[in-house]
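The values are calculated or read from the model by the stated rules, or taken from the named source; none is laboratory data. A quick note: this is a predicted structure, and the numbers were derived from the prediction, not measured. A quick note on method: Cβ atoms are made from the backbone with ideal geometry, for glycine too, and the neighbour counts reach across all protein chains shown. All accessible areas refer to the heavy atoms of the entire protein, side chains included, with ligands and DNA or RNA removed. Shrake-Rupley method; radii C 1.70, N 1.55, O 1.52, S 1.80 Å.
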Amino acid sequence: MKSLLKTEEVESYIFTDVDVPEAQNDEVLILVDKVAICGSDYNLYKWNSVAKVIADIPFTPGHEATGTVVKAGPTATISTGQRVAVENHYFCGDCFQCKTDRGDICSNMGQYGHGKKTRHGGCSQYSIVPSKYCYQLTTDISSEQAVVLEPMGVAHNAIEQLDVSGEDVLIIGCGPVGCLAISIAKALGAIRVVATDIEANRLEIATKMGADIVINGQTENLFETVTKITDGAGIARICEVSGASKMVNTLFTLLRKGGQVVLVGLPKDPIHIEDPLPNVLFKSLTLKTVHGRRIFHTWKECERLLAENLVDASPIISHTFPLSKFEDAFKVLFSGEGCKILLDPQT
């Protein structure tokens, strides 16, 4: 079968033929229909300092994957023919978090597509995954919809933590997760969703995803606009997805008293809050963070939203490439011209 491999600490991947793996014990062999490229795949491709922390060589990349089970190991709990999507957070099942139903933040977590406790990933025609990490699809959503369940789950987890029903919501950062958060917030009862980014093309997608107001941070004053549209009270809910330290540092000035914030993006620099008394302590705010999806609650809810047409993920899917053209796909990622980029391992 055709597969991408990272076998050395160098840029890019090898596109090569490897043997189709055999499903052992509770594993299943999946024929991969689609795999999506995530922003974090930039690090793995470049093999930079971040990659050396989040991945182990050797591995096949691709942590957002969907496909169909074609073979099952002797103790597998999934039958052949079942369509699945992969939960890439490989929880141990034994630590405190796992025993209290928080496998999403397992203390001993492995990661599919990163070489962490598995060398397998979605950028191959077939892939091996233990049964317990497979979400079994229950509807006939398309493979394009199924492959975005993983990033959509991050957005859903974040928005669900904010209790957005009947409130105005600000989404900071309109990449794939941010844009999905817009639609999810609307589906979960938000009154108005305000979206901000510094890229005009992302704001166009944000509008298609349901944003009521879009603010270009390059050309507009975010604080002044939020103050105006909230009559000076500040926004009730903020979902920070950009990961820009500058935005994390200043977002508390945008929040109304008693408001709620969830951090999703990954800041690469220290967070420094200006005027912490009026902007944080005296606001009596709630701050939460998320890492991944609630297993498997989030998956079920996201599939329902897609199947019932309450969320349309199609505007975020900008490109689809055959796996053999992976270099072209990564060029689009590096250019910033794409949103959610898909690879088809079967072409």
| request: Having 2 or more residues that are within 26 Å of F15 (Cα to Cα) and of a type outside the set (F, W, Y) is the bar; report the helices (runs of 4 or more DSSP H) wholly within the stretch 26-104 that clear it. | output: 41-46, 51-54
| task | Scan the strands (runs of 3 or more DSSP E) fully inside the stretch 250-337 and keep the ones with 1 or more residues being surrounded by fewer than 15 Cβ atoms within 10 Å (Cβ to Cβ) and either in contact with a Gly (Cβ under 8 Å, 6 or more places away or on another chain) or polar (S, T, N, Q) (or both). | result | 255-263, 286-289
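Could you tell me which of the residues A55, A72, A51 is under 20 Å from F296 (Cβ atoms) and among the small types (G, A, S)?
Exactly one residue qualifies, and that residue is A72.
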| among the β-branched types (V, I, T), more than 16 Å from the chain's Cα centre (by Cα), modelled with pLDDT of 95 or more and open to solvent by less than 60 Å² (accessible area, probe 1.4 Å) - does that describe any residue in the stretch 176-188? | no
| message | Given the criteria among the charged types (D, E, K, R) and either over 20 Å from I159 (Cβ atoms) or in contact with an Asp or Glu (Cβ under 8 Å, 6 or more places away or on another chain) (or both), does D312 qualify? | response | no
| Residue that is surrounded by the most Cβ atoms within 10 Å (Cβ to Cβ) [pool: residues in the stretch 6-34 that are closer than 17 Å to V129 by Cα and within 25 Å of the chain's Cα centre (by Cα)] | I30
| field | Residue match in the stretch 209-218 (condition: open to solvent by 20 Å² or more (accessible area, probe 1.4 Å), assigned to a loop (DSSP other than H, G, I, E, B), free of Cβ contacts under 8 Å to residues at least 24 places away in the same chain and more than 21 Å from A158 (Cβ to Cβ)) | value | yes
| task | Would you point out the residue of the stretch 68-97, among those that are surrounded by fewer than 16 Cβ atoms within 10 Å (Cβ to Cβ) and in contact with an Asp or Glu (Cβ under 8 Å, 6 or more places away or on another chain), that is farthest from C123 (Cα to Cα)? | result | T75
| query | Out of all the residues in the stretch 35-48, which are out of contact with any His (no Cβ under 9 Å at 6 or more places or on another chain), touching a residue at least 40 places away in the same chain (Cβ under 8 Å) and either open to solvent by 40 Å² or more (accessible area, probe 1.4 Å) or among the charged types (D, E, K, R) (or both)? | reply | G39, Y42
| remark: By residue number, the members of the stretch 98-117 that are in contact (Cβ under 8 Å) with a residue 24 or more places away in the chain and open to solvent by less than 20 Å² (accessible area, probe 1.4 Å) are G103, D104, Y112, G113, H114, G115
| Name the residues in the stretch 229-259 that are in contact with an Asp or Glu (Cβ under 7 Å, 6 or more places away or on another chain) and under 12 Å from L287 (Cα atoms), would you? | R237, V248, L251
| query | Which one of these does F223 not meet: (1) buried (at least 24 other Cβ atoms within 10 Å of the Cβ); (2) free of Cβ contacts under 8 Å to residues at least 60 places away in the same chain? | reply | (1)
| task | Taking only the stretch 228-245 into account, find how many residues are among the hydroxyl-bearing types (S, T, Y) and either touching a residue at least 40 places away in the same chain (Cβ under 8 Å) or more than 24 Å from K288 (Cβ to Cβ) (or both). | result | 2
| said: Checking the conditions here, which among D140, D197 is open to solvent by 10 Å² or more (accessible area, probe 1.4 Å) and out of contact with any Gly (no Cβ under 8 Å at 6 or more places or on another chain)? | reply: D140
| request: Name every residue in the stretch 9-25 that is closer than 21 Å to A329 by Cα and in a loop (DSSP other than H, G, I, E, B), in order of residue number. | output: E9, V10, E11, S12, Y13
| task | Go through G178, G259, G234 for me and flag whichever is on the phi > 0 side of the Ramachandran plot and either of a type in the set (G, A, S) or in contact with a His (Cβ under 7 Å, 6 or more places away or on another chain) (or both). | result | G234
| said: Tally up the residues in the stretch 53-67 that are open to solvent by 50 Å² or more (accessible area, probe 1.4 Å), of a type in the set (A, V, I, L, M, F, W, C) and touching an Asp or Glu at 6+ places or on another chain (Cβ under 9 Å), please. | reply: 1
